[in-house]
Amino acid sequence: MYEVRFHGRGGQGAVTAASILAIAAFKDGYDVQSFPHFGVERRGAPVMAFTRLDDKKIEIKTQVYSPDCVIVLDTNLLATVDVCKGIKKGGTIILNSVKDPADFADMAKRIGGGRIATVDATSIALRHGLGSKTAPIVNTAILGAYAKVVGNVSLESIVDTVRAEAPAKKEENAKAVEDAYNEVKEEVFG
Amino acid sequence: MAKIVLKGNGAVALAIKMARVDVVAAYPITPSTFIPEKISEYVANGEMDAEFIPVESEHSAMSACIGASAAGLRAATATSSQGLELMHEMLFIASGMRLPIVMGVANRALSAPINIWCDHQDTISARDTGWIQFYAENNQEAFDLMLIAFRVAEDERVLLPAMVGLDAFILTHTFEPVDVPEQREVDDFLPPYRPKHAYLDPERPITQGSFVYPEYYMEFKYGQWIAMESARDVIDEVFADFASRFGRKYEKVSTFMCDDAEIVLITMGSLSGTVRHVVRELRNEGIKVGVAKITVFRPFPHKEIIRAVKNAKVVGVLEKNVSFGFGGAVYGEVLATVHGEGLDTKVLDFIVGLGGRDVRVEDVKEVVKICSDALQGKAVDKINWINVDKEAVKNA
């Protein structure tokens, strides 16, 4: 079983991103589950959402406590939310940031070694007119980074799902996924 | 059939649409709001030929469903928690008038304190309203049990309303793959509702829900009793028919590794999967433990519970409700069933997951540990509150 935890703020689309990842993984043949943490998303407040995927039927219905991968949509959250909590040793952290993975090396050390990936999903979103400068919609782009870095869900399925599920600007959202796939930077820290 | 990824609420809304319900009257309440929202969308888009009545309260929602059903139409609604409580008096009227209304209930805690998350206190508190009660473990079950509920409720031998519980957020807001049949397959399974006892016909006027003197009241109630007893066989028939058409087999109580189990854990709703997950792990450690999941709580499946626990020495009931001054409701019924049969099996109660408290793997292991202690003859409490900060309560 592979477990993903999304960190974002209410309105950024973390819950939607978790469900799009689940639907895309389902297209690739996995059994899937995705759910919000507590399900009350107030605009601007820190929110979490989860995706589980497995080759076998997923029966467990607990919250996710030790994710394999964590995705951070807004790095301002790092000051107040412990996004590293519970991540498996050797796990993956994907951040929406203009910085390099090396700038977050301490996070990899905190989880006993792991992979850090950064992608400037905000610029990608703005490039494609997704959201506004103050509230860019980065949830679709970040999934392109996931496809590249984690690799267990195909880019094709994510793009197809984003196109199907996006309420508006379907092509722009699909392009954002592809750009993030191509632009993400990653590095493993011991 | 096609598998699609749906939220639990989406599965319930889709089942109501595919059941070709004529009237949906509903009032929104978290976490079931998406169901009436989706249905109003279906109706507005012309995807569903139904009357959607956005009423001003849950009391009115059930009242409108009663009116529609008494007029001879297929009626459905959805609610949760406080909403179910507000319609409580109307629940008795629906069952007393023998109206086969079907309702999806997002199982949520009751105030106070205010809490929107999962437990079973709402539907358990509606236990004695004369409604058939189903509980879903996952979104597939929520979808299937809604369709099954209509068939059972509308059967001439039953004619009782039915509710399908699905756990707040854990199912209502969780996306999972759901196998959705073709519309014609649903139509074959669930033909149109053609009531013989309740309908509007100016040529043949009838009185429904009338005033009844003491010399007749008990006969009405006995009629409801017989109907609920008849529902036992009807549910089995409908489960069998459903399995033959759709390949998914339901049982009032489904067992997992119970045959040689010394400890049987009884569950209801979404925590069943977590418990099976843990049981599989504990079996590898040589602990003889099994799971019996209750899918039908009303009528209570006495025979099936006995079959599940007859070889066990300790039965642990995990439940998301409490009757203050007694214990959990499921515990009370399992205890009465097991000891009424003359078995000397020890029955223990475990109150878990109230108000959305996560039922974790370690919580299930703690339950099994207490059951193992009882198995070895150690003194244990009959009623156990799991994962509660008891010190904080003492010091408050």
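The values are calculated or read from the model by the stated rules, or taken from the named source; none is laboratory data. Since this is a predicted model, take the numbers as computed values, not measurements. Quick reminder, even Gly has a Cβ in these numbers, built from the backbone with ideal geometry, and neighbours come from all protein chains shown.
Beta carbons closer than 6 Å, at least 6 apart along the sequence or on distinct chains, pair a first residue in region A:65-91 that is surrounded by 14 or more Cβ atoms within 10 Å (Cβ to Cβ) with a second that is charged (D, E, K, R) and in a helix (DSSP H, G or I) for A:84/A:110.
Every residue, every condition in (1) touching a helix residue (DSSP H, G or I) at 6+ places or on another chain (Cβ under 6 Å); (2) closer than 25 Å to residue A:2 by Cβ; (3) surrounded by fewer than 24 Cβ atoms within 10 Å (Cβ to Cβ), yes or no:
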{"position": "A:102", "(1), (2), (3)": "no, no, yes"}
{"position": "A:122", "(1), (2), (3)": "no, no, yes"}
{"position": "A:135", "(1), (2), (3)": "no, no, yes"}
{"position": "A:151", "(1), (2), (3)": "no, yes, yes"}
{"position": "A:162", "(1), (2), (3)": "yes, yes, no"}
{"position": "A:168", "(1), (2), (3)": "no, no, yes"}
{"position": "A:172", "(1), (2), (3)": "no, no, yes"}
{"position": "A:175", "(1), (2), (3)": "no, no, yes"}
{"position": "A:186", "(1), (2), (3)": "yes, yes, yes"}
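Among the numbered conditions (1) out of contact with any Lys or Arg (no Cβ under 9 Å at 6 or more places or on another chain); (2) within 24 Å of residue A:53 (Cβ to Cβ); (3) not in a loop (DSSP other than H, G, I, E, B), the only one that residue A:152 does not meet is (3).
How many residues, within region B:233-282, are of a type in the set (Lys, Arg) and assigned to a loop (DSSP other than H, G, I, E, B)?
Residues meeting the conditions: 3.
Rundown of residues vs (1) in contact with a helix residue (DSSP H, G or I) (Cβ under 7 Å, 6 or more places away or on another chain); (2) surrounded by 19 or more Cβ atoms within 10 Å (Cβ to Cβ), yes/no style:
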position: B:253; (1), (2): yes, yes
position: B:260; (1), (2): no, no
position: B:271; (1), (2): no, yes
position: B:274; (1), (2): yes, yes
position: B:281; (1), (2): no, no
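When the residues of region A:37-64 are filtered to those that are within 11 Å of residue A:5 (Cβ to Cβ) and within 11 Å of another protein chain (Cβ to nearest Cβ), the one that is surrounded by the most Cβ atoms within 10 Å (Cβ to Cβ) is A:51. Among the numbered conditions (1) under 26 Å from residue B:107 (Cβ atoms); (2) not assigned by TED's automatic domain parsing to the domain that holds residue B:169, the only one that residue B:314 does not meet is (1).
Evaluation of residue B:153 against the conditions (1) buried (at least 24 other Cβ atoms within 10 Å of the Cβ); (2) assigned to a loop (DSSP other than H, G, I, E, B) shows that the sole unmet condition is (2).
Of all residues in region B:125-137, those satisfying the criterion of being in a helix (DSSP H, G or I) and either surrounded by fewer than 22 Cβ atoms within 10 Å (Cβ to Cβ) or aromatic (Phe, Trp, Tyr) (or both) are B:127, B:128.
Residue-wise test of (1) at pLDDT 95 or above; (2) over 14 Å from residue B:315 (Cα atoms); (3) away from every other protein chain (no Cβ under 14 Å); (4) in contact with a Lys or Arg (Cβ under 7 Å, 6 or more places away or on another chain).
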site: B:336; (1), (2), (3), (4): yes, no, yes, no
site: B:341; (1), (2), (3), (4): yes, yes, yes, no
site: B:344; (1), (2), (3), (4): no, no, yes, no
site: B:353; (1), (2), (3), (4): yes, yes, no, yes
site: B:359; (1), (2), (3), (4): yes, yes, no, no
site: B:368; (1), (2), (3), (4): yes, no, yes, no
site: B:376; (1), (2), (3), (4): yes, no, yes, no
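Residue count for region B:1-31 under the criterion of being within 11 Å of chain A (Cβ to nearest Cβ) and among the charged types (D, E, K, R): the result is 2.
For region A:1-18, filtering for residues that are at pLDDT 95 or above, crowded, with 24+ Cβ neighbours inside 10 Å and not in a strand (DSSP E or B) leaves 2.
Selection of region B:156-189 for residues being away from chain A (no Cβ under 13 Å) and surrounded by 21 or more Cβ atoms within 10 Å (Cβ to Cβ) yields B:158, B:159, B:160, B:161, B:162, B:163, B:164, B:165. Of the residues B:243, B:231, the single one that is among the hydrophobic types (A, V, I, L, M, F, W, C), surrounded by 12 or more Cβ atoms within 10 Å (Cβ to Cβ), out of contact with any Ser or Thr (no Cβ under 6 Å at 6 or more places or on another chain) and within 17 Å of residue B:153 (Cα to Cα) is B:231. Scanning region B:280-295 for residues that are within 14 Å of chain A (Cβ to nearest Cβ) and in contact with a Leu (Cβ under 7 Å, 6 or more places away or on another chain) yields one hit, B:291.
Please go through region A:23-32 and pick out each residue that is outside any strand (DSSP E or B), within 7 Å of chain B (Cβ to nearest Cβ) and in contact with a helix residue (DSSP H, G or I) (Cβ under 8 Å, 6 or more places away or on another chain). Lay out the reasoning, then the answer.
Of the residues in region A:23-32, the ones outside any strand (DSSP E or B) are A:23-30.
This time we only want the ones that are within 7 Å of chain B (Cβ to nearest Cβ), so: A:23, A:26.
Within region A:23-32, A:23 is the sole residue that qualifies.
Evaluate the following for residue B:114: is it of a type in the set (Val, Ile, Thr), part of a helix (DSSP H, G or I), assigned by TED's automatic domain parsing to the domain that holds residue B:233 and over 12 Å from the mean Cα position of the chain (by Cα)? Taking the combined requirement at face value, the residue does not satisfy it.
Would you confirm, using the coordinates I've provided, whether residue B:93 is within 14 Å of chain A (Cβ to nearest Cβ) and either out of contact with any Gly (no Cβ under 6 Å at 6 or more places or on another chain) or in a helix (DSSP H, G or I) (or both)? Taking the combined requirement at face value, the residue does not satisfy it. Could you list, in sequence order, all residues of region B:23-44 that are free of Cβ contacts under 8 Å to residues at least 60 places away in the same chain and out of contact with any Ser or Thr (no Cβ under 7 Å at 6 or more places or on another chain)? B:23, B:28, B:33, B:36, B:37, B:38, B:39, B:40, B:41, B:42, B:43, B:44, listed by residue number.
So is residue B:34 within 14 Å of another protein chain (Cβ to nearest Cβ) and surrounded by fewer than 24 Cβ atoms within 10 Å (Cβ to Cβ) or not? Answer is yes for this residue. Among residues of region B:252-265 being in contact with a Leu (Cβ under 7 Å, 6 or more places away or on another chain) and under 24 Å from residue B:354 (Cβ atoms), the one that is nearest to the other protein chains (Cβ to nearest Cβ) is B:265.
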